[in-house]
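Each remark here refers to the structure printed beneath this line.
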Amino acid sequence: MMFLLQGAQMSRGMQRLRHFLLLLFRTLAVAGLIIGLGRPLAGGWLGGMGGGRPDTVFVLLDRSASMNELVHAGGATKLATGVSRIAEALENSEASRLVCVDSVSLEITELGEASDLLSLPLAQETAAIADLPAMLEVATEYLQRNQAGRAEIWICSDGQSSDWRPEDGRWKLLQEAIVAMPAGVRVNVLNFTESEGEDYSIRVERAERVTTRDANGVRTELVLDLRLRAAPEPIEEGASGSTPVSLPVAIDLGGARSIVQIELANGEGELKGHRMPLDKANGEGWGFVELPTDANAADNRFYFTFGTGDIQETLIVWEDSSVRDVLRFAAEAPSSESTEYIVRDHPITETGDLDLVGASLLLWQGALPQDADALAVEHFLERGGNVIFLPPAEGAQHVFEGCSWGSPVELEEGEESSSPTSWRSEDDLLRNGEDGTPLTVKELRVRQLTPAQGDLTRLAGFASGETLLSRAPTSRGGLYFLSTLPSPAFSNLAIQGVVLVAMVQRGLEAAALAQGSRGQQNAGNLDPLLSAAGYEMQSEVQEEWLLSEQLFHSGVIQSGENLIAINRALDEDRSRGLDEGSLAELMPEVEMSLVTGSAKETGLVEEIWRIFLMLMLLALLGEALLCITESSPALHAKKGAEA
């Protein structure tokens, strides 16, 4: 009797389980049908699922020189590969608007369909640096102006910090603007950080026409200083890849080519004072240096001009005329025979409309700039200029870029308390000389200083913890704070002299490299006074270059009486790529998907509706099997016996 009762209970349990499975399979079938009809997409480890289809899709293209690197040997460039993959990903997009913004023009280009990206003339590499915050500003302003619904922003880049500018204050404003959009914005970043092959870059740091007289008569020569770098930046000593490498460098001067060997150790090499004979009648000219073919052709050639002479201009804004005189002396001290040094000055009470056109260095003594002056200084920094602030005679509460002057501090007399005990000697304004000789910073005596406050990096300081020289973070250019004045009541900077002159001259040199000089300009950053006069290309012009973008490619132009070499910016050679974590930290509150681009990936987005329809069929098959089992003759016979 107990056996029959247990059998009946087991049968009822099996029936309940069967009914539950039937309900589960039918629910899965309906869910699979609904999701399948929605044609969902998946991309980048299924990261792109859900969220709804966008009404507007933006594609932002980073066209900087580093995007010319090959994804793999014999393959396409990073930019071409990225454009192809984004076009494929958006092929089935049902967005009502498809818009492209490139890093050169920063203009809106509306596309009919995703495949138009592949034939877009704007989807070609240049030598100009990119500005990702500016590109995103264009996109967000467009979305706000057109009251667009849900949107997606696709960014094709290689994550170079010089292009993304992680220190830029615009990222916070961009995040606020994107988060505030009611319909939502999703940002997808295709980030080509990986390098599949060796890449070396070449740069001319000096090209000078010199005339010397000796026992054999007058000799005219071209003197070149070259620097060679491995990408990314120099490798730490002892790390893999630190074995010295020797590379041939071709020097083309008027069609005549010569080859020199440069050895790289720890990822960097240089050739100083290389001399080449010139014809006496050859007053000025141009040429280029070139490396063998490697992973990135965009950094294998560097153009130079000679005989044109450089101009390095300093603007001094002063509160104390005695301080102005010392600063003028330091700015006019010649460090190169071929360079003309120009110094302009304005009393701080007469600034108002600050004229920084043509200047490389701004020396500002007094209360920090405000209003229109502050805006002019910010633009000056963006162009790669250097700024050294010196404190006012009395305290001032003005704030610039989050920094301000604190309260004056008097230091005790004596070498240990009034002389700097530590400073950064490996780089920046107080670095050692080329032969390794340190600056005489220890000989400084400071009686009074006004420390700068804010997010600052200490470059020199005292045992007491006070700071003499500091630097604020900027996306471009250098922003420095010198906490004392070159006057007897404050320090012996004017008497000691060497340190102040070195700081000013190095600030000028660094700005000249970042901005370009009269004979040397960065691509896309040509002095408007020169470009307005018209120009004629002297070097080779590629057929695929747009006429409107010739000044964004490397080459040589003649503008009026000026012979100008155009090259990629220095940051393109020494900038590091940002990893996924660093990119995500730029706008942590924004919905962002990061996909690392490589040669192995085949696509970014795939339609996965077939998977859900297959799951629906499997669920229906499971339901059918359960129904067949339930209606079998053996089961009916068993039920009759139990009755």
- Run the 1.4 Å probe and let me know the accessible area of Lys442, rounded to the nearest 10 Å². 130 Å²
- Largest-first ranking of Ser548, Ser559, Ser161 by accessible area, probe 1.4 Å, whole protein assembly kept, is Ser548, Ser161, Ser559
- Task: State whether segment 379-518 is rounded, prolate or oblate according to the following rule on the C-alpha gyration tensor (a ≥ b ≥ c being the square roots of its eigenvalues): a/c under 1.5 gives rounded; otherwise a/b larger than b/c gives prolate, and the remaining case gives oblate.
- Result: oblate
- In the full protein assembly as shown, how much of Cys627 is accessible to a 1.4 Å probe, in Å² to the nearest 10? 50 Å²
- Note on the structure: For Glu412 and Phe20, extending 7 Å from Cα along the Cα-Cβ vector and measuring point to point gives, in nm, a value of 8.1 nm
- Note on the structure: With label points set 7 Å from each Cα along the Cα-to-Cβ direction at Glu141 and Asp345, the distance between them in nm comes to 4.0 nm
- Scoring only Lys, Arg, Asp and Glu (+1, +1, -1, -1) among other residues with Cβ under 13 Å from the Cβ of Phe389 yields -2
- Charge context of Ile495, other residues only, Cβ under 12 angstrom, K/R +1, D/E -1: 0
- Item | Dimensions (Å) - segment 392-461, Cα atoms, principal axes, largest first | 42, 31, 16
- Grab the other residues whose beta carbon is less than 9 angstrom from that of Arg447, score K and R as +1, D and E as -1, and report the net. -1
- Cα gyration tensor shape for segment 120-226, rounded if a/c is under 1.5, else prolate or oblate: prolate
- With a probe of 1.4 Å, find how much accessible area segment 377-525 has per residue, and write the answer as a whole number in Å². 42 Å²
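The values are calculated or read from the model by the stated rules, or taken from the named source; none is laboratory data. Keep in mind that this is a model prediction, so the values were computed, not measured. Using ideal geometry, Cβ is built from the backbone for each residue, glycine included, and neighbour counts are taken over all protein chains shown. Areas reflect the complete protein model, heavy atoms only, side chains present, ligands, DNA and RNA absent. Shrake-Rupley method; radii C 1.70, N 1.55, O 1.52, S 1.80 Å.
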